[in-house]
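So the structure is just underneath, and the comments pick up after that.
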Amino acid sequence: MGGVQLALNKNIDQVQSGKTNFDINDFDLEDDNDREDFDNKVDILFVLDQSGSMSSYIQQAKYTICKIVEKFKKKEYDLKFSLCTYIDHEPQYNILTDFTDLCSGKQIVEKLQTVIAGGGGDLPEAVMDGLRDGISKTSWRKATGKDEKSQRFLFHICDAPPHGKEYGFPSSDPLWTDNGCPCGTKREDIKNLLQLHDIKYFLIKPNGYISKMEQLFKECFENNYKDTISLLDNIEQKDGKTDNKETKTQMWEGVLNNIEKTIY
Ligand SMILES: [Zn+2]
């Protein structure tokens, strides 16, 4: 495991600015407030691990949101986004979560522009806090329709598991390894929040380190767990081992496909 741990260390050199490697001006993100007249309200929460190793996925998250806005501007949806980024509890890091409530695609991209990936200490991060704060702080909208709720999606983008040995990796503090996140939030609490607010959960999976989390969340969240959007290509090697390789699969394709499949 030594080699794996070494490769996973959140390196301070990985700290990057929120600058994108594509031109946001290529997208038509202008606000059009008259969308609020449309009946079909769609609320999308992005929960994003902001720790050092995530810098490349923050680029993809921005691009994904631009593509979603572009796509849905052509449809009669009243679409809003919220964002919750997270790193970790002290002493691992001095930022726990940062939340932006429902706003336009343009505003959420502007917010993402300021997100800097960095820090996090040990491998596990405050996954539970990001999910809990994102779900409980978002002002989910009412809508006209059979259940009088907006259609609600949560896209969770992360490359590290929560604290707790059942998720497969030790924390620096043995108490966190044994008992999970020091705030006490468990996956059952997240399940209750998903059910309460009627939210469809999607996991965007860039590596194999969150496979155990994926499995446990799937079992726990039941019907609220909709899908995993894998950015991996599992390549079977000659000796039968599976090698996780990153592919060029675009996050935005998976997100858009899933929204289109699920929306009514
Ligand atoms: Zn916590």
Hits in region 119-132 (condition: open to solvent by 20 Å² or more (accessible area, probe 1.4 Å) and either at pLDDT 95 or above or within 13 Å of the ligand (Cβ to nearest atom) (or both)): Arg132
Considering only region 134-154, how many residues are free of Cβ contacts under 8 Å to residues at least 60 places away in the same chain, touching a Ser or Thr at 6+ places or on another chain (Cβ under 9 Å) and either under 23 Å from Tyr57 (Cβ atoms) or within 16 Å of the ligand (Cβ to nearest atom) (or both)? 1
Based on what the data block shows, is Pro91 away from the ligand (no atom under 14 Å from the Cβ) and either among the acidic types (Asp, Glu) or within 26 Å of Asp189 (Cβ to Cβ) (or both)? no
So, in region 155-212, of the ones that are small (Gly, Ala, Ser) and in contact (Cβ under 8 Å) with a residue 12 or more places away in the chain, which residue ends up surrounded by the fewest Cβ atoms within 10 Å (Cβ to Cβ)? Ser172
What do you reckon, is Phe46 open to solvent by less than 10 Å² (accessible area, probe 1.4 Å) and either within 23 Å of Asp189 (Cα to Cα) or free of Cβ contacts under 8 Å to residues at least 60 places away in the same chain (or both)? yes
Within region 94-118, tally of residues that are open to solvent by less than 60 Å² (accessible area, probe 1.4 Å) and within 13 Å of the ligand (Cβ to nearest atom): 2
Any residue in region 40-48 that is at pLDDT below 80 and of a type outside the set (Phe, Trp, Tyr)? no
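In the set Val109, Val115, which member is under 18 Å from Gln50 (Cβ atoms), in contact (Cβ under 8 Å) with a residue 12 or more places away in the chain and either in contact with a strand residue (DSSP E or B) (Cβ under 6 Å, 6 or more places away or on another chain) or part of a loop (DSSP other than H, G, I, E, B) (or both)?
None of the others qualify; the one that does is Val115.
The values are calculated or read from the model by the stated rules, or taken from the named source; none is laboratory data. Nothing here was measured: the structure is a model prediction, and the numbers come from that model. Counting neighbours? That spans all protein chains shown, and the Cβs are built from the backbone with ideal geometry, glycine included. Just so you know, the surface numbers come from the protein's heavy atoms only, side chains and all, with ligands and any DNA or RNA stripped out. Shrake-Rupley method; radii C 1.70, N 1.55, O 1.52, S 1.80 Å.
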